[in-house]
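The block underneath contains the structure these notes are about, expressed in structure tokens.
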Amino acid sequence: MDQVDCVVIGAGVIGLAIARKMALNGLETVVLEREKSFGTITSARNSEVIHAGIYYPKNSLKARLCVEGNRLLYDYLQTHSLPYNPCGKLIVSSGEEQNQDLEAIYIKAQQNEVPLMKRISQDEVRTLEPHLRCADAIFSGSTGVIDSHSYMLSLLGGLEDAGGVVAYQTQLEEATPLKDGASGFKIKVSSTNQEEFWIGTRYLINCAGLSAPAVARKIESLKSEHIPTPYFAKGNYFSLQAKAPFKRLIYPIPEPGGLGVHLTLDMGGQAKFGPDVEWLDIEDEAQINYQVSQERGKLFYAAIRKYWPDLPDNALTADYSGVRSKIVSKDIAFGDFLIQDQSIHQLSGLINLFGFESPGLTSSLAIANQVAQNIRD
């Protein structure tokens with residue numbers, strides 16, 4: 001049986017960041033990825049926004065890791081000469097009835113020590129974005145956009161340079177804790193060509209995203225009370241079939257389960273809108289249908305015209321969708337990241353990551369540092 005120091009399950013952006021960190025710390029690291037390439041599921045189906053840490057409750061993992069991750073990510077992008085655009089974003093209220101909500105967002109951002117936050121007047125808004133209509137606004141100067149594929153490719157290169165490897169089309173079948181007080185696991189792995197083999201590892205890190213609870217159920221001796229129920233919230237995106245008259249991201253007041261139908265820009269300046277929130281009545285990731293209905297775009301026009309009244313008719317085209325990896329239902333306003341270590345489940349060497357939706361991309365380097373700290377502790 002082959003022996004390694006660390007096995008990471010999932011080669012999304014968070015899995016790659018963690019695996020790179022483990023390898024840089026001197027651990028022989030293997031990543032198991034069931035797909036043919038890295039970052040093809042949630043990491044390839046998002047807004048590619050560098051978030052600032054604005055919306056999350058004080059002292060939550062999302063708040064702390066997003067603010068720290070924002071700083072680490074900008075440093076990483078600069079030092080590795082990777083493409084990004086620190087364009088900033090405007091959070092806007094559509095009427096006086098939403099101004100209290102906007103003020104609450106600003107206060108939360110201050111509590112989270114988010115940098116470069118500023119309340120701005122309607123005159124300042126018109127100067128920055130003449131086509132934007134709002135009652136009040138906040139400017140976030142530390143928000144930007146990223147080429148997520150280039151970033152993940154760089155993380156993969158860092159992992160491989162440090163001696164780590166990714167085993168594609170390979171997945172965990174079962175994991176058994178080592179006996180007689182030894183730390184670690186014996187894991188059974190299968191590949192798409194029907195081969196099965198065993199690996200011994202000191203550390204097993206489950207960051208399988210949407211499948212993390214399903215993967216956790218394959219770990220022997222992990223009590224069911226430590227495996228959260230997965231919930232799936234689909235986010236649909238529509239692209240603008242014209243050049244947008246905006247240079248910054250535009251966000252409305254958040255809605256339950258998401259941040260509202262907002263305008264984001266890709267690295268080429270092309271505008272897209274979304275994601276919305278469509279709760280899926282499914283129990284398993286395999287049941288997800290990523291197709292976007294053009295009919296759903298009718299709801300987008302009304303939402304967008306609250307802040308961009310000049311949006312032309314027939315300007316939106318169904319583009320793509322992603323699904324948020326949630327561990328709370330639609331009846332719960334906030335769900336935090338959950339990093340589960342031995343102090344919770346009593347299994348030495350196991351780290352489970354549950355509920356890593358947005359701002360997971362922004363937080364990825366901070367998450368990797370946190371997992372490394374949990375292992376040292």
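The values are calculated or read from the model by the stated rules, or taken from the named source; none is laboratory data. These figures come from a predicted structure and were not determined experimentally. FYI the Cβ positions are ideal-geometry reconstructions off the backbone, even for glycines, and counts take in every protein chain you see.
With respect to the conditions (1) assigned by TED's automatic domain parsing to the domain that holds Phe246; (2) on the phi > 0 side of the Ramachandran plot, Gln169 falls short on a single one, namely (1).
With the condition being polar (S, T, N, Q), I'd like the strands (runs of 3 or more DSSP E) fully within the stretch 260-377 carrying at least 1 qualifying residues.
On the way: elements: 263-265, 271-273, 278-280, 316-326, 338-340, 350-354.
Where strands (runs of 3 or more DSSP E) fall fully within the stretch 260-377 and carry at least 1 residues being polar (S, T, N, Q), they are 263-265, 316-326, 338-340, 350-354.
Among residues of the stretch 97-121 that are among the small types (Gly, Ala, Ser), those with a Cβ under 7 angstrom from a residue that is surrounded by 13 or more Cβ atoms within 10 Å (Cβ to Cβ) and at pLDDT 95 or above, sequence gap 6+ or separate chain, pair up as Ala109/Ile54; Ala109/Met117.
Among the residues of the stretch 246-259, those identified as assigned to a loop (DSSP other than H, G, I, E, B), modelled with pLDDT under 90 and not hydrophobic (A, V, I, L, M, F, W, C) are Pro254, Pro256, Gly257. Of all residues in the stretch 101-135, those that are over 16 Å from Pro245 (Cβ atoms) and more than 28 Å from the chain's Cα centre (by Cα) total 6.
Residues checked against (1) closer than 30 Å to Leu299 by Cβ; (2) small (Gly, Ala, Ser):
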residue: Ile187; (1), (2): no, no
residue: Ala216; (1), (2): no, yes
residue: Lys223; (1), (2): no, no
residue: Lys247; (1), (2): yes, no
residue: Pro252; (1), (2): yes, no
residue: Trp279; (1), (2): yes, no
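In summary, Glu96 fulfils each of the numbered conditions (1) surrounded by fewer than 21 Cβ atoms within 10 Å (Cβ to Cβ); (2) modelled with pLDDT of 95 or more; (3) not hydrophobic (A, V, I, L, M, F, W, C); (4) not assigned by TED's automatic domain parsing to the domain that holds Ser358 with the single exception of condition (2). Before we move on, is Gly15 touching a residue at least 60 places away in the same chain (Cβ under 8 Å), under 13 Å from the mean Cα position of the chain (by Cα) and part of a loop (DSSP other than H, G, I, E, B)? Here the answer is no, as Gly15 does not meet what is asked.
All of (1) out of contact with any His (no Cβ under 9 Å at 6 or more places or on another chain); (2) at pLDDT 95 or above; (3) part of a loop (DSSP other than H, G, I, E, B) hold for Ser221 with one exception: (1). Only one entry of Asn369, Asn374, Asn352 meets the criterion of being free of Cβ contacts under 8 Å to residues at least 40 places away in the same chain and within 30 Å of Pro177 (Cα to Cα), and that entry is Asn374. When residues in the stretch 59-83 are screened for being crowded, with 20+ Cβ neighbours inside 10 Å and closer than 24 Å to Phe246 by Cβ, 4 of them pass.
Across the stretch 1-46, the qualifying residues are those that are surrounded by fewer than 21 Cβ atoms within 10 Å (Cβ to Cβ) and of a type in the set (Gly, Ala, Ser), and the one among them that is nearest to Phe185 (Cα to Cα) is Gly26.
Kindly indicate whether Val125 is at pLDDT 95 or above, buried (at least 18 other Cβ atoms within 10 Å of the Cβ) and farther than 27 Å from Lys62 by Cα. Spell out the reasoning first.
Details: at pLDDT 95 or above: yes; buried (at least 18 other Cβ atoms within 10 Å of the Cβ): yes; farther than 27 Å from Lys62 by Cα: yes.
Criteria met by Val125.
So Thr264 fits all but one of (1) loosely packed, with under 13 Cβ neighbours inside 10 Å; (2) touching a residue at least 60 places away in the same chain (Cβ under 8 Å); what number is the exception? Here Thr264 meets the rest and fails (1). Out of curiosity, is Ile332 surrounded by fewer than 15 Cβ atoms within 10 Å (Cβ to Cβ) and over 19 Å from Leu65 (Cβ atoms)? Answer is yes for this residue.
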